[in-house]
1. Consider PHE308 carefully, then state whether it is in contact (Cβ under 8 Å) with a residue 24 or more places away in the chain, aromatic (Phe, Trp, Tyr), in contact with a Pro (Cβ under 7 Å, 6 or more places away or on another chain) and within 13 Å of the ligand (Cβ to nearest atom).
2. Select from segment 407-439 the residues that are open to solvent by 50 Å² or more (accessible area, probe 1.4 Å) and either free of Cβ contacts under 8 Å to residues at least 24 places away in the same chain or of a type in the set (A, V, I, L, M) (or both) and list them in ascending order.
3. Given the residues VAL31, VAL42, which is the only one that is open to solvent by less than 40 Å² (accessible area, probe 1.4 Å), assigned by TED's automatic domain parsing to the domain that holds ILE145, assigned to a loop (DSSP other than H, G, I, E, B) and on the phi < 0 side of the Ramachandran plot?
4. Quick one: in segment 228-237, which of the residues that are in contact with an Asp or Glu (Cβ under 9 Å, 6 or more places away or on another chain) and in a strand (DSSP E or B) is farthest from SER269 (Cα to Cα)?
5. Kindly check whether there is at least one residue in segment 391-407 that is assigned to a helix (DSSP H, G or I) and either in contact with a Cys (Cβ under 6 Å, 6 or more places away or on another chain) or farther than 28 Å from GLU430 by Cα (or both).
6. Working only within segment 257-270, note down all residues that are away from the ligand (no atom under 11 Å from the Cβ) and open to solvent by less than 30 Å² (accessible area, probe 1.4 Å).
7. For residues that are open to solvent by less than 90 Å² (accessible area, probe 1.4 Å), assigned to a helix (DSSP H, G or I) and free of Cβ contacts under 8 Å to residues at least 12 places away in the same chain, tally how many sit in segment 137-164.
8. I need a count of the residues in segment 359-375 that are open to solvent by less than 10 Å² (accessible area, probe 1.4 Å) and under 13 Å from SER323 (Cα atoms).
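The values are calculated or read from the model by the stated rules, or taken from the named source; none is laboratory data. The model shown is predicted, which means the values in this text are computed figures rather than measured ones. So basically every Cβ, Gly included, is an ideal-geometry build from the backbone, and we count neighbours across all protein chains shown. With ligands, DNA and RNA removed, areas are computed over all heavy atoms of the protein, side chains included. Shrake-Rupley method; radii C 1.70, N 1.55, O 1.52, S 1.80 Å.
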Amino acid sequence: MKTERDRRISVSRKPGLPRWALVSLYLGLAVLPLFLAATGNVPPASPFAEGAAAAGMVGMVMMVAQLGSSGRSPLLSGRIGIDVTMAFHKWAAPAALALLVAHPILLAGPFDVSAPSRILARLGNLLVAPRLMTGLLALVLFLLITLTAVLRDRLPAGYGLWRLSHGVLALVALIFCLEHMLAQGTYAADQRLRLFWLVLTLGAILISLLRHLIVWRRAPWRVADITRAADRLWILQLENRRDLSFRAGQFVWLRFGRSLSDHPFSIASAPCEKRLNFLIQEAGDFTSQIGTVPVESHVAIDGPHGSFTLDGLPKSDTLILISGGVGLAPILSILSDLGHGSEYRWIRLVHTTRSQSALIAPEFLKAACPSAEITILADDATAGDAPVGRGPLTPEHLRTLLAGVDPFAVNVLICGPSGMMTFATDALHEMGVPLDRIRYERFSYGSGPVSVKDRRILIGFVGLCAAVMAFAFGFTLR
Ligand SMILES: Cc1cc2nc3c(=O)[nH]c(=O)nc-3n(C[C@H](O)[C@H](O)[C@H](O)COP(=O)(O)OP(=O)(O)OC[C@H]3O[C@@H](n4cnc5c(N)ncnc54)[C@H](O)[C@@H]3O)c2cc1C
């Protein structure tokens, strides 16, 4: 008979599309306008004009696809995870931008190296032509959006304001781009292509706007309690008459009251618990005020999202959990869930913090899953401060975690600061743990160290972008 826990698990399992389906979808979408153009009634122009058209069309599809890879669609990111989705979002933008920048340059061709001023003059004429104004505005906006995203950590504006402007400017740029495609595109006369651009662009914009509206109208949750757990660390508890079905380790976007911005937070409680708990660290404008949120105030939830769960991991006797700072939140959810019943014989957790004052009470962790072997480290602990060991995490600690088990057969989940996750992933991999048995989730999408696993994912992205470019090149030379 199905238990309440089993029922919640089956209800909440939304695996999303597998990697191969996403790659095919992306390639298919990027190639479709080229196919429509090649098989339509408009005769091919010069190779430069055709190259410009291919760069513009593929660049536009890639920019529209950025709406889908913004991490809000469980269908698209449910299986590959938010880290891979956001990494793709970050890397695909410059590739799409390069194509859009190449578009007017190719249109100004052919290039005569002996008369460089001629091509510059032609390019200048194109850029100031009133009929091409929407295309130019779209290009400038895409440049601005990409540049401010790359330089995000150095901008004076808060993250919330940047994120709002990022989304709004992207929608405006896409509308300008659509107008340019329909009015001026080399293939603007092709009815099938016109329909393609209208459906693709307006469809993506509408879906993304409607999604936000529908999600934020969902029955609001209410703050049941907010208490300090440690230095700059809070436990927020939310209640609702309706349950939220999720998998241990997932996160949600929370929007408090009528605020325009929302924030992602991992659920720190088990799916079978009545209240939703969150561990929130003071990090910036919003979180530094979290302790002042009034009890009973309303909170809207968008989620659950993310694949930082135990789903789909190979079978194993041993589960190793590694958390740093507030990265404990999803790990705590998983630990509590395992505390209600687990297939793992051994569960080993190492939790690290910068200082003992930032540590959540060790009894809290023990109560979550009494059978787990728990090691706690703090960077400022002195030897003999048991039960707290001296941090930071070293290869020695990782070797202890692997003691007596086959590294090839353990499953590992890591959440914490970027540097710690990169170090632990690479070190464990060197000690024999296969990369497909190591999962991690980032709490920040800014630049940071990359692990062996990140590099492999990046090579995959480069391969995908190269395939898209190859199709555009093939179209030009047809
Ligand atoms: C998947 C995920 C799960 C997370 N879970 C937790 C958690 O359980 N507990 C916790 O304390 N924190 C968590 N965070 C981080 C948390 O979202 C940010 O600390 C918080 O939004 C900061 O908001 P702020 O206004 O206080 O700070 P700001 O000054 O606005 O931002 C400080 C930094 O936080 C990051 N950040 C802010 N907003 C976002 C956002 N919308 N998306 C991604 N990064 C953002 C940026 O790196 C930014 O530089 C999580 C982040 C992600 C991506």
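1. yes
2. Residues of segment 407-439 open to solvent by 50 Å² or more (accessible area, probe 1.4 Å): 408, 417, 423, 429-430, 436, 439.
The one that is open to solvent by 50 Å² or more (accessible area, probe 1.4 Å) and either free of Cβ contacts under 8 Å to residues at least 24 places away in the same chain or of a type in the set (A, V, I, L, M) (or both): GLU430.
3. Numbers: VAL31 fails: assigned to a loop (DSSP other than H, G, I, E, B).
It is VAL42.
4. My answer is LEU233.
5. Looking only at segment 391-407, we keep the residues that are assigned to a helix (DSSP H, G or I), and these are 395-402, 407.
Now restrict to residues that are either in contact with a Cys (Cβ under 6 Å, 6 or more places away or on another chain) or farther than 28 Å from GLU430 by Cα (or both): none.
The answer is no; no qualifying residue exists.
6. To start, the set of residues in segment 257-270 that are away from the ligand (no atom under 11 Å from the Cβ) comprises 257-258, 260, 269-270.
Scanning segment 257-270 gives SER269, ALA270.
7. If we filter segment 137-164 for residues that are open to solvent by less than 90 Å² (accessible area, probe 1.4 Å), which is where we start, we get 137-146, 148-149, 151-152, 155, 157-158, 160, 162-164.
Now restrict to residues that are assigned to a helix (DSSP H, G or I): 137-146, 148-149, 152, 160, 162-164.
Going one step further and asking which of them are free of Cβ contacts under 8 Å to residues at least 12 places away in the same chain, we end up with 140.
Residues in segment 137-164 being open to solvent by less than 90 Å² (accessible area, probe 1.4 Å), assigned to a helix (DSSP H, G or I) and free of Cβ contacts under 8 Å to residues at least 12 places away in the same chain: 1 in total.
8. Kept after step one, since they are open to solvent by less than 10 Å² (accessible area, probe 1.4 Å), are these residues of segment 359-375: 360, 365, 369, 372.
Within this subset, residues satisfying the condition of being under 13 Å from SER323 (Cα atoms) are 360, 365.
Within segment 359-375, residues that are open to solvent by less than 10 Å² (accessible area, probe 1.4 Å) and under 13 Å from SER323 (Cα atoms) number 2.
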